[in-house]
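The structure appears right after this line, and notes come after that.
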Amino acid sequence: MNSSIRLLVAGVLLAGAVVAAVLASGIVQLDFAASGNHGDGEIDVRVQARQTDDGRVEVRAQSSVDGSDWLSHTPDARFLPGDPDPGRWYSSNTFSVSGHVEEPDVSEPARYTQFYVAEAISRYERDGRDAMLAYYNSPESVDGQWYMFIFDEDDVLVANRNPDLVGNTAAEASGPDGYPVGHMVVAVASADGAWVDYQFNNPALGRVQIKHSWVVRHDGLIFGSGWYEDGPSKIHAPGAFTQSYVERALELYRVLGREATFEYYNSPESIDGEWYLFIHSVDGTRLVNGARAERPGWLGSNLHGTGIDVTGYDYTADTLAIDPSGWISYVFPNPDAELHYQRKHSWIVRQDGLVIGSGWYDRNYDLSEEDPASYARALVQTAIDRYEAEGREAAVDYYSSSESVDGEWYVIIIGSDGTRLAHPFLPLGENILDGGPDVTGYDFRADIVAVEDRGWVSYVFENPDTGEQGRKHTWIVRHDGLLFAAGWYEPGAYEAPDS
């Protein structure tokens, strides 16, 4: 409450009303004056306080009209700060009177957080800025998981439990993965107070948790504190963690808006293991993808015609039809598992004409066993992605190395004329057309080189995982003048039919 308050009220009951207001206020600065019109003149009411010898605080209001004097006291009131001289009436704004305010229990963390922040603001009004900041930069101010963080008029952190953070700007105050916590706190703060949620390190436990912060903008400063709770486990509750990850994106969107959300979630910094955010417009245009934003032509492309997984499932319509929220599953490369294709379960929310989602990968789903033909297509697509991202030389080197081999699975790259450019087992630089047919007499090499776009060629070939001849089905894609191919073997050795 301000140190001097003008109340424009009429009548001789003014002084009694002022006393009631003082006693109900909790904390009030003295030097409290009220005035109003009474007949042809103006009346003045002066509110003062004193502490009696027995420790009670008395509050009186004196009227200039007839000298009336109303006196009252509250058993739980006390002077702040320090000990006043007993019996002396104080009307200086250097003193306050505190009435009894019931402190919420920590079992109600939201109410307790608001109480804790209100106490800091009261301390600022009572003790002044310097003393308040000194207190909230001291260990004495910490109350379990509660501590104050305070930004000044220039959005610089001037109080925090961690002295290493004091002096940082809001832009430098970030959470895990660079999440813009400082910007969000500054943006949401208001005179009435506001809640904002984010992940942050809990110094009391030494680990990251979800923090619910109450922030109030007061006299140019931003006062904030919060309480922590554990979020869902990535390992034991990947679905719930996915929903929480999307919720953090929606919170950033709510507070900072579209541009800041797009900028953050198109950055590699926003990726949390296998979790990254994707955003599409409702017409299917790709706007955000933390894992693929840097791939040329990805952002701005459309799901229609391209939103097809390696099993042939077109997930476009199902994705864009979700409203307001829901799950969808498909096979997609996991950026946290060297782009191995796994079954992905995505949680999607429609918000303001945007489709916002993220997903978790079922690592127990083995595409090579569940659907070997799809896995062959996935390997070829991965090779093309590597070629696009790293260039021809890097792709050729990798797929000519043993590192690229996964049991019976490997990728080969062939020039348009049939020259073998990448192969982990056979000599490079030779033309595959110079080789002979398979053991059945089938000239499969000519059919491989003849593929114009994409297609399957099946033949008998040595399985490097067993050393035996096996029936192999190879998927070939012509891309940028090269042929990328990978294949799978039917179980068991090839047996020639009886003649």
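Would you mind pulling out the separation of the Cα centroids of the range 153-187 and the range 450-497, in Å? When both Cα centres are located, 57 Å separates them.
Under the rule a/c < 1.5 gives rounded, and otherwise a/b versus b/c splits prolate from oblate, where does the range 238-365 land using the Cα gyration tensor? The shape class here is rounded. Peptides 396-409, 172-185 ordered by packing proxy, namely the average of other Cβ atoms within 10 Å per residue, highest first: 172-185, 396-409. Take the convex hull of the alpha carbons in the range 336-400; its mean projected area over all directions comes to 6.1 nm².
No lab work stands behind these numbers, since they all come straight from the coordinates. It should be emphasised that the depicted structure is a prediction, and the values quoted were computed from it without experimental measurement. For neighbour counting, all protein chains shown are included, and Cβ atoms are generated from backbone atoms with ideal geometry for every residue, glycine included.
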